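J.: Dumping the structure here so I can ask a few things about it.
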Amino acid sequence: MIKIRQLALAAGAAAILVSCGPQGGLDFSNFDPDLRRWGGTGLDTAEAAARAQPRPAPDQRGVISYPGYQVAIARQGDTAATIAARLGLNAAELARYNAIEANTVLNAGAVVALPRRVAAGTSTAAPVLSSTGQVSDPFAGQGMKQPDVPAVAGAGTVTSQTLPASSQPKQHVVASGETAWSIARKYNVSANDLAQWNGLTQDMTLRVGQRLLIPVAGQSRPATAVVTAPGTGSPTPSPPSAAAPLPNEQTAPAASAVNKPSSPDLGKTRTAASGNGKFRMPANGAIIRTYQKGKNDGIDISAAPGSTVSAAGSGTVAAITRDTDQVPIVVVRHDGNLMTVYAGLEDVTVTKGQSVSAGTALGKTRSQGVVHFEVRNGFDSVDPEKYLN
């Protein structure tokens, strides 16, 4: 079977489920779905991308302190200006250091890197509030040296500690063309952990110059060993025959013919709908590779080169992007939080945002003759055959 090389579908495709309309502001020009575990292409980093440990909790000001740097965690409604006012920093400098506008509202939980350290264990200037409770002057107090007054218990003290160097995550500054999925692959972490550590929204939107924390890998649980007293030796396991008699087996002569069990012929797997599912087959051909969670997050269909690849169901074209070999990938969003992904096609005939019906032509099968098809429910891949009719 000819493989579709280095497709990027597994983690990134899930992000299409969030707002893709004109109000969503989601830009798929650099869409980079992650298929690192598909197709035996040598990109299997499933073990390296094991779930990371939780991000450390910030102090009362929202600051996490590492030996080499500090970051602030945005609260609901925070901007660079309000964080700067809370920490006694210059708003313009903080915004410039993180490639954002000073008054841009940040996502709750977003990471804001500090251009220089702020003192730990001391009160900091708070923004001036109006009678309505809204920030009226987020730049109040900027440029003024904060008085070095000993903290009084219960009066604005801040409990803070610098975390050990071993727990300090790497920082990554987003460059043009990078996506959350390409960065996750670069550091062998999962895209979900990258999003949780940096307060990214479900669409994984990044900005050039944004500073990201790279999640610190979790620790595997050590194996439990049986400890014995010195000089007593290791315990000898009991053989199976000690608990139950050996089975009464009748061994056939070595020269006897071997009955080979029947095995499934994937080449004869159904080529058209046979159930009552939501979707139809996107291409006419045999299923030559079935779904395996974490190994092949879809099915591979052997289709004649130049044959039509059609939409499996009605929906909206959420994205049209390309893999690293510039092979088109089409993503269609459907009702019920479902999404279908089509790869291994050319001569795409639809456009982003177009409404399609079941059977609408999306493009043609490439000369390799393999169409990769996925169904996703939320962030999880599911077995497409359970949804085919």
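J.: Could you check the range 45-115 for strands (runs of 3 or more DSSP E) lying wholly inside it with 1 or more residues that are touching a Leu at 6+ places or on another chain (Cβ under 6 Å) and either among the hydroxyl-bearing types (S, T, Y) or touching a residue at least 60 places away in the same chain (Cβ under 8 Å) (or both)?
T.: On the way: elements: 63-65, 70-73, 111-113.
Ranges flagged: 111-113.
J.: When the range 369-387 is examined, which residues are found to be touching a Pro at 6+ places or on another chain (Cβ under 9 Å) and closer than 16 Å to V348 by Cβ?
T.: Passing the criteria: V371, F373.
J.: Moving on. Please determine whether any residue of the range 279-299 is buried (at least 20 other Cβ atoms within 10 Å of the Cβ), over 28 Å from the mean Cα position of the chain (by Cα) and assigned by TED's automatic domain parsing to the domain that holds R376.
T.: The first filter runs over the range 279-299 and keeps only residues buried (at least 20 other Cβ atoms within 10 Å of the Cβ), leaving 279, 281-283, 285, 287, 289, 291, 296-299.
Add one more test, that the residue is over 28 Å from the mean Cα position of the chain (by Cα), and what stays is 283, 285.
With the extra rule that they be assigned by TED's automatic domain parsing to the domain that holds R376, the set shrinks to 283, 285.
Within the range 279-299, one or more residues are buried (at least 20 other Cβ atoms within 10 Å of the Cβ), over 28 Å from the mean Cα position of the chain (by Cα) and assigned by TED's automatic domain parsing to the domain that holds R376.
J.: Quick check: anything in the range 88-100 in contact with a strand residue (DSSP E or B) (Cβ under 8 Å, 6 or more places away or on another chain), at pLDDT 90 or above and buried (at least 21 other Cβ atoms within 10 Å of the Cβ)?
T.: yes
J.: On the given criteria, is V105 out of contact with any Pro (no Cβ under 9 Å at 6 or more places or on another chain), of a type in the set (V, I, T) and within 24 Å of Q196 (Cβ to Cβ)?
T.: Working: out of contact with any Pro (no Cβ under 9 Å at 6 or more places or on another chain): yes; of a type in the set (V, I, T): yes; within 24 Å of Q196 (Cβ to Cβ): yes.
Taking the combined requirement at face value, the residue satisfies it.
J.: Right, something else. Can you give me the number of residues within the range 291-302 that are in contact with a helix residue (DSSP H, G or I) (Cβ under 9 Å, 6 or more places away or on another chain) and at pLDDT below 90? Steps first, please.
T.: First, the residues of the range 291-302 that are in contact with a helix residue (DSSP H, G or I) (Cβ under 9 Å, 6 or more places away or on another chain): 291, 297-299, 302.
Within this subset, residues satisfying the condition of being at pLDDT below 90 are 297.
Number satisfying all stated conditions: 1.
J.: Let me ask another. Right, S123: surrounded by 11 or more Cβ atoms within 10 Å (Cβ to Cβ), at pLDDT below 85 and part of a strand (DSSP E or B) or not?
T.: Values: surrounded by 11 or more Cβ atoms within 10 Å (Cβ to Cβ): yes; at pLDDT below 85: yes; part of a strand (DSSP E or B): no.
No: the conditions fail for S123.
J.: Assuming A113 fulfils every condition listed in (1) touching a helix residue (DSSP H, G or I) at 6+ places or on another chain (Cβ under 6 Å); (2) at pLDDT 90 or above; (3) surrounded by fewer than 20 Cβ atoms within 10 Å (Cβ to Cβ) apart from one, which condition is it?
T.: It is condition (1) that A113 fails.
Let's see how each residue does on (1) surrounded by 24 or more Cβ atoms within 10 Å (Cβ to Cβ); (2) modelled with pLDDT of 90 or more:
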| site | (1), (2) |
| --- | --- |
| A304 | no, yes |
| S314 | no, yes |
| T324 | no, no |
| V330 | yes, yes |
| E346 | no, yes |
| T349 | no, yes |
| V375 | yes, yes |
| Y387 | no, no |
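J.: Determine, yes or no, whether V227 is modelled with pLDDT under 80 and either closer than 20 Å to Y66 by Cβ or β-branched (V, I, T) (or both). Break it down stepwise before answering.
T.: Working: modelled with pLDDT under 80: yes; either closer than 20 Å to Y66 by Cβ or β-branched (V, I, T) (or both): yes.
So V227 passes the test.
The values are calculated or read from the model by the stated rules, or taken from the named source; none is laboratory data. Not measured: the values here are computed from a predicted model. Please note: Cβ atoms are built from the backbone with ideal geometry, for glycine as well, and neighbour counts cover all protein chains shown.
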